[in-house]
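This report refers to the structure that appears directly beneath it.
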Amino acid sequence: MPFCWEAPASGIGVSGEPVGWYERTFATPDWPGRRVHLIFGAVDRQARVWVNGVDFGVHDSGYLPLRLDVTDALRPAGEENTVRVRAFDPTLPEMPVGKQINWYTTTSGIWQTVYLEGVGEAIAVDRVHVTPRIAEAQAEVRLTLSSRMDGLRPVRVDLRSPQGPEASFEVTAPAGAMPLTCRLPVPEPHLWFPEDPFLYDLTVRVSDTESGAVLDEVQTYFGMRELSVGTQAGGQFVLLNGRPLYLCGALNQSFHPDGIYTYPSEEAMLFDIRKGLEFGLNFFRIHIKTEEPRYLYLCDREGMLLQCDVPNAWRGDARGRALWESAMRGMIDRDYNHPSIFSWLLYNETWGLERENGKAAPESAEWGRSMFRAAKALDGTRLIEDMSPCFLDHFTEETDLVSWHAYGHQYEPMVGVLRELIEKGRPGSGYHFVDGLKQG
């Protein structure tokens, strides 16, 4: 898209140039019986979109997809349309900006793929979440269907995987959004491991039971893998499909000279992933940024595990908390299916929480605990860590993982620091936690 800066308003933001404009034309696709959606993978931060002069309003996310039904604003098939975007990014401390404040280059504007998608006119598949059930040799598929129909109509949902039998279900579709949970048989499941990252393809097709007409169809994929924490041979381990998993990883800041937040190419993504595996790593921690879906797919395919941080704000006020929670809920919803993601990490080094006596303040810790439980309710299939702290202030005993940050430049002193952190951080100890809490 052609791009230009708007003259900056005085005193707004950190970058001094908080507004950018984009404009391009596109031909209306010939998709009879389909709604046309315009999707922005991510725009940093607030995007206002016009199509042929029709204002679709302001949308504030920064990291999450923006989906607009532009059908009624389009010209007839084959004719040209104009889309215009105003991206406003003040980069304020109460926004989830990660390391864009203080450390790294600020990012603004469209930074993920923009595309058109045709969806069902009557019924559309809005979301597909797949939860492996290895012991039952099944995959639990939770669908969110939206309906534009008047009244009720029976529809048939077919789940098909080329590696196994299909499953079919009939349901009466009401108006509005409808969650539907189905079980797909996965006989003799081929489990996903880093050394064998096997993926199952999945097609979801919704049809009218009377006419047999396909109302909508979505293709996706999933991996059969389960995560837990357990005790084996007298030690506590992260378990992947019941096997102890020794984690050896690196922090991935995910900033790039050629695109800042955006990878310059798929080849660059693969270079990072394959070099990490070549070095003997089995996971990356994606640092306080919601990563591009293409990168997550490549990690699924190549067998690189991921721990994914929620982007942090720097100010723990009401607006900062609301924006952080929206980012947390949105990334878990968007990225639920990726088998490579073994853990969500909610906070980094108390950033975005208030401190008292050097640790997370009681009120902030209580709010953090409520957010940990909210994340667990959204995704009980992964390990969730409350915070990776500098100040020994994990804020919930429910955390699945206990990590800490120790900085140093000399080998011998760091050996002593790490020994103390390990020896004092035992189950039943309050060493790594805010006052009154103990390690589980």
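The values are calculated or read from the model by the stated rules, or taken from the named source; none is laboratory data. Note that the coordinates shown come from a computational prediction; the quantities given were computed from them, not determined experimentally. Don't worry about glycine lacking a Cβ; one is built from the backbone with ideal geometry, like all the others, and counts go over all protein chains shown. These area figures cover heavy atoms from the full protein model, side chains too; ligands, DNA and RNA do not enter into them. Shrake-Rupley method; radii C 1.70, N 1.55, O 1.52, S 1.80 Å.
Values for this structure:
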read-out	value
ALA406 being out of contact with any Asp or Glu (no Cβ under 8 Å at 6 or more places or on another chain) and modelled with pLDDT of 95 or more	no
Scope region 222-244; condition touching a Pro at 6+ places or on another chain (Cβ under 9 Å), part of a strand (DSSP E or B) and not aliphatic (A, V, I, L, M); matching residues	PHE222, GLY230, GLN232, GLY235, GLN236, PHE237
Any hit, region 70-85, residues being within 30 Å of CYS308 (Cα to Cα), open to solvent by 20 Å² or more (accessible area, probe 1.4 Å), in contact with a strand residue (DSSP E or B) (Cβ under 8 Å, 6 or more places away or on another chain) and not polar (S, T, N, Q)	no
Residue in region 283-297 that is buried (at least 22 other Cβ atoms within 10 Å of the Cβ) and of a type in the set (S, T, N, Q) present	yes
Index of the failed condition, SER207 passing every other in (1) on the phi < 0 side of the Ramachandran plot; (2) out of contact with any Lys or Arg (no Cβ under 6 Å at 6 or more places or on another chain); (3) in contact (Cβ under 8 Å) with a residue 12 or more places away in the chain; (4) not β-branched (Val, Ile, Thr)	(2)
Residue pairs meeting the criteria (Cβ under 7 Å; at least 6 apart or on separate chains; first free of Cβ contacts under 8 Å to residues at least 60 places away in the same chain, in region 405-428; second open to solvent by 60 Å² or more (accessible area, probe 1.4 Å) and assigned to a helix (DSSP H, G or I))	ALA406/VAL417; ALA406/LEU418; GLY408/VAL417
So VAL114, is it modelled with pLDDT of 95 or more, open to solvent by less than 30 Å² (accessible area, probe 1.4 Å), more than 24 Å from ASP317 (Cα to Cα) and not hydroxyl-bearing (Ser, Thr, Tyr)	no
Residue among GLU170, GLU267 that is surrounded by fewer than 18 Cβ atoms within 10 Å (Cβ to Cβ), among the charged types (D, E, K, R), in contact with a strand residue (DSSP E or B) (Cβ under 9 Å, 6 or more places away or on another chain) and farther than 25 Å from TRP344 by Cα	GLU170
Matching entry among ARG329, ARG315, ARG301, ARG274 (being touching a residue at least 40 places away in the same chain (Cβ under 8 Å), open to solvent by 30 Å² or more (accessible area, probe 1.4 Å) and touching a helix residue (DSSP H, G or I) at 6+ places or on another chain (Cβ under 7 Å))	ARG329
Qualifying residue in region 360-367 (condition: open to solvent by less than 10 Å² (accessible area, probe 1.4 Å) and under 29 Å from VAL130 (Cα atoms))	no
Among (1) assigned to a loop (DSSP other than H, G, I, E, B); (2) acidic (Asp, Glu); (3) touching a Lys or Arg at 6+ places or on another chain (Cβ under 9 Å) - the single one ASP216 does not satisfy	(1)
So LEU296, is it touching a residue at least 12 places away in the same chain (Cβ under 8 Å), among the aliphatic types (A, V, I, L, M) and more than 19 Å from GLY41 (Cβ to Cβ)	no
Top-ranked residue in region 403-440 [being open to solvent by 80 Å² or more (accessible area, probe 1.4 Å) and in contact with a Lys or Arg (Cβ under 9 Å, 6 or more places away or on another chain); ranked as farthest from PHE237 (Cα to Cα)]	ASP435
Output for region 376-395, where each listed residue is open to solvent by 10 Å² or more (accessible area, probe 1.4 Å) and either acidic (Asp, Glu) or in a loop (DSSP other than H, G, I, E, B) (or both)	GLY380, THR381, CYS390, PHE391, LEU392
Filter pass, ARG67 being open to solvent by 20 Å² or more (accessible area, probe 1.4 Å) and either without any contact (Cβ under 8 Å) to a residue 40 or more places away in the chain or under 28 Å from THR262 (Cα atoms) (or both)	yes
Residue within region 395-403 that is modelled with pLDDT under 95, of a type in the set (Ser, Thr, Tyr) and within 24 Å of the chain's Cα centre (by Cα) present	yes
Residues of region 30-52 satisfying the condition of being touching a residue at least 12 places away in the same chain (Cβ under 8 Å), open to solvent by 30 Å² or more (accessible area, probe 1.4 Å) and not in a strand (DSSP E or B)	ASP30, TRP31, GLY33, ASN52
Any pair with Cβ under 9 angstrom, 6 or more apart, that starts in region 179-202 at a residue that is over 20 Å from LEU227 (Cα atoms) and in contact (Cβ under 8 Å) with a residue 60 or more places away in the chain and ends at one that is open to solvent by 30 Å² or more (accessible area, probe 1.4 Å) and among the hydrophobic types (A, V, I, L, M, F, W, C)	LEU202/VAL218
Of all residues in region 70-110 being assigned to a loop (DSSP other than H, G, I, E, B), modelled with pLDDT of 95 or more and out of contact with any Leu (no Cβ under 7 Å at 6 or more places or on another chain), the one that is nearest to PHE40 (Cα to Cα)	LEU74
